[in-house]
Amino acid sequence: VSETISIIGAGVIGSTTGIEIAKGGRRVEVLTDPDETYSAHKGGVGIMEDQGLLPPDSGPLAFIDMKQVNDTGLRAWHQLEGSESWQGIVARRKVTYLSTDPDKDTSFLGDCLPEQNARRLESEDLQAHLRDAGYCVGASFETSIVNTKLAGEQLRREFENFGGRLTKKLIRNYDDVPGDGVIVDTTGLGRRMFLGDERIWGKRGQTLILKGDHGLTEVLSAPGEPISYNLVPIDEQTLLIGATKEEHDYERRADPLTRDSFVREGARIWPAVKKLRVFEDRVCFRPMADRLIVQRFVAKGRRVIVVNGLGGGGWSVCFGLAPYIASLAIAA
Ligand SMILES: Cc1cc2nc3c(=O)[nH]c(=O)nc-3n(C[C@H](O)[C@H](O)[C@H](O)COP(=O)(O)OP(=O)(O)OC[C@H]3O[C@@H](n4cnc5c(N)ncnc54)[C@H](O)[C@@H]3O)c2cc1C
């Protein structure tokens, strides 16, 4: 009888890796923190991009073809987009990038624009409005939007449907992991906490869900320092504002000052935000380190594989990495 493979963390990497292992018929258990204290996928929104995903220094991953990782991730997404069970979670949306810096207009998209089929903004009304609000006109292209919280829940269900076992348990040490099979550590920011890995630090992300007639039909995305804003229409009555605060901050509660500044900045980009009701806000953490880490070592006799898929391109990278990590775990 083969040993059970244990995965710590039911984020996007843990769940997709678990699905890949379970599909292959191996016994696999995912152990995850019931309180979700440090969880990136609770953020509420993810924008899938096929550019900007390559880590500047691929470090321990140099032997992996990152282009292939990205392609696999995007293929998985496109399959999900076409699948009925994911309807309402993933949508194709037009994204408009905005900038307040005329020199940065579209340059941050670099050479990827032609590949992305990107075009200059077409709507003159929208262009005029954005200029009035102090933004220079950016670029606009189609991308995938995902409600990451719902998608995370769905991935866990899918893992269980494939025969995987999901256990709610906070792991404080590798000794807490039952059995003696290989451990796949996908705890993201949590890893900093329980192993004291100082290279992993957090950016706090806060997301507001607003209710009311907003009239926005495409995603507006305003990159900036220290905060980048995304305005994402979920449906006619629901608008989401997501942003990541660029600082180390392990305080978890939603910050009213941050919320107010999101509403103010959101209203600057899209005035209808002012008359909307704040329905909910969420806070989560986005782990940041060397952008992508895959490590293998032995801890007290247990074989451990550590994976952290980090940064703005996290989701598609994570989807792409899952088959590779699953193959490492099965072979270990
Ligand atoms: C505001 C915000 C916006 C973002 N926007 C985008 C975007 O537009 N596009 C994009 O691609 N990516 C985006 N990301 C990044 C993306 O969310 C992450 O890259 C991705 O979720 C990382 O997946 P993960 O599985 O590594 O980590 P996580 O989703 O954090 O999963 C880790 C899991 O491990 C669990 N865990 C942690 N410690 C322990 C422990 N000790 N014991 C048991 N369980 C534990 C956690 O509870 C969690 O469930 C954003 C992140 C934030 C915060």
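Screening Glu3 on (1) touching a Phe, Trp or Tyr at 6+ places or on another chain (Cβ under 7 Å); (2) within 14 Å of Val182 (Cα to Cα); (3) at pLDDT below 95 shows it passes everything except condition (1).
Residues checked against (1) more than 23 Å from the chain's Cα centre (by Cα); (2) loosely packed, with under 14 Cβ neighbours inside 10 Å:
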| position | (1), (2) |
| --- | --- |
| Gln127 | yes, no |
| Thr143 | no, no |
| Thr148 | no, no |
| Pro178 | yes, yes |
| Phe194 | no, no |
| Thr207 | no, no |
| His214 | yes, no |
| Leu220 | no, no |
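Does region 300-321 hold any residues that are aliphatic (A, V, I, L, M) and modelled with pLDDT under 90, and which are they? Result: Val306, Val307, Leu310, Val317, Leu321.
Listed here are the residues, each with its yes/no results for (1) of a type in the set (D, E, K, R); (2) under 24 Å from Arg253 (Cβ atoms); (3) touching a strand residue (DSSP E or B) at 6+ places or on another chain (Cβ under 6 Å).
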residue	(1), (2), (3)
Asp180	yes, no, no
Gly205	no, yes, yes
Lys211	yes, yes, yes
Pro223	no, no, no
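The condition (being at pLDDT 80 or above, within 16 Å of the ligand (Cβ to nearest atom), β-branched (Val, Ile, Thr) and closer than 30 Å to Leu208 by Cα) is satisfied by just one residue among Ile8, Ile47, Ile21: Ile8.
The values are calculated or read from the model by the stated rules, or taken from the named source; none is laboratory data. Quick caveat, the model's predicted, so the values are computed rather than measured. All Cβ positions, even for glycine, are placed from backbone atoms using ideal geometry, and neighbour counts span all protein chains on display.
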